[in-house]
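The values are calculated or read from the model by the stated rules, or taken from the named source; none is laboratory data. The shown structure was predicted, so the numbers you read here are calculated from the model rather than taken from an experiment. A quick note on method: Cβ atoms are made from the backbone with ideal geometry, for glycine too, and the neighbour counts reach across all protein chains shown. We work out accessible area using only protein heavy atoms, side chains counted, and drop any ligands, DNA or RNA first. Shrake-Rupley method; radii C 1.70, N 1.55, O 1.52, S 1.80 Å.
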Amino acid sequence: MPHYNVRSERSLINIFPRLEPVTELNGVYLAELPGPKILTPFKRLFLSVSGLPGWKGKQFFGDYALNILSKKGQIYKGPEMRIQTQPHKLDGKQGAIATYDSTAPHIWQHCTDEFRQIDQDTVLGMSHFDLPAFRGRPVMFLLHRLPDVQGLV
């Protein structure tokens with residue numbers, strides 16, 4: 001397993017190109033927001049106001065995924081994502097790419113997620129937003145596979 005520092009987004013950005021692209025995702029993955037713990041409330045606030053309140057992770061079904069959201073302890077479906085194999089923006093390696101459609105909240109319609117495998121149960125995600133204030137600034141996240149979990153569907 002490659003060495004990385006979950007409290008450093010720079011560490012995750014640096015390791016991303018050295019990891020193998022994910023080619024297929026299935027199952028339920030719990031999200032972890034990297035970076036200094038002091039920033040976690042601000043990241044959660046951003047997710048909430050941008051349309052992913054209480055984001056807990058993703059459930060993958062091969063060619064599509066659902067974001068998992070939570071409100072007052074209740075789990076529910078968030079925006080759907082389409083999964084395709086395409087070249088990653090960062091280095092052109094072929095891998096799984098997730099995109100949102102026109103039914104997603106506005107900011108997420110301009111988001112592309114790329115995935116790299118850290119280990120058997122951990123995926124490193126990199127979000128790219130095609131919006132003026134966000135271009136060229138990847139947003140990192142970790143997904144941890146939860147075995148034997150039913151999920152949303």
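Quick check on T112: is it in a strand (DSSP E or B), open to solvent by 10 Å² or more (accessible area, probe 1.4 Å) and either over 19 Å from P34 (Cα atoms) or among the small types (G, A, S) (or both)? It would help to see each step written out before you state the result.
Numbers: in a strand (DSSP E or B): yes; open to solvent by 10 Å² or more (accessible area, probe 1.4 Å): yes; either over 19 Å from P34 (Cα atoms) or among the small types (G, A, S) (or both): no.
So T112 does not fit the description; no.
If you scan region 123-137, which residues turn out to be surrounded by fewer than 18 Cβ atoms within 10 Å (Cβ to Cβ) and within 12 Å of the chain's Cα centre (by Cα)?
Hit for region 123-137 is S127, nothing else.
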Is it the case that some residue within region 119-127 is outside any strand (DSSP E or B), in contact with a Phe, Trp or Tyr (Cβ under 6 Å, 6 or more places away or on another chain), modelled with pLDDT of 95 or more and within 15 Å of A65 (Cα to Cα)?
-> no
Tabulated pairs, region 76-91, first farther than 12 Å from D113 by Cβ, second of a type in the set (V, I, T), C-beta under 6 angstrom, 6+ apart or interchain = none
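Only residues that are more than 16 Å from G151 (Cβ to Cβ) and within 13 Å of the chain's Cα centre (by Cα): list them for region 83-104, please. It would help to see each step written out before you state the result.
Our first condition is that a residue be more than 16 Å from G151 (Cβ to Cβ); within region 83-104, this holds for 84-104.
A96, I97, A98, T99, Y100 - these are the residues of region 83-104 that are more than 16 Å from G151 (Cβ to Cβ) and within 13 Å of the chain's Cα centre (by Cα).
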Any idea how many residues of region 95-109 are open to solvent by 60 Å² or more (accessible area, probe 1.4 Å) and either in contact with a strand residue (DSSP E or B) (Cβ under 6 Å, 6 or more places away or on another chain) or of a type in the set (K, R) (or both)?
-> 1
Among the residues of region 139-153, write down those that are of a type in the set (D, E, K, R) and part of a strand (DSSP E or B).
-> R145
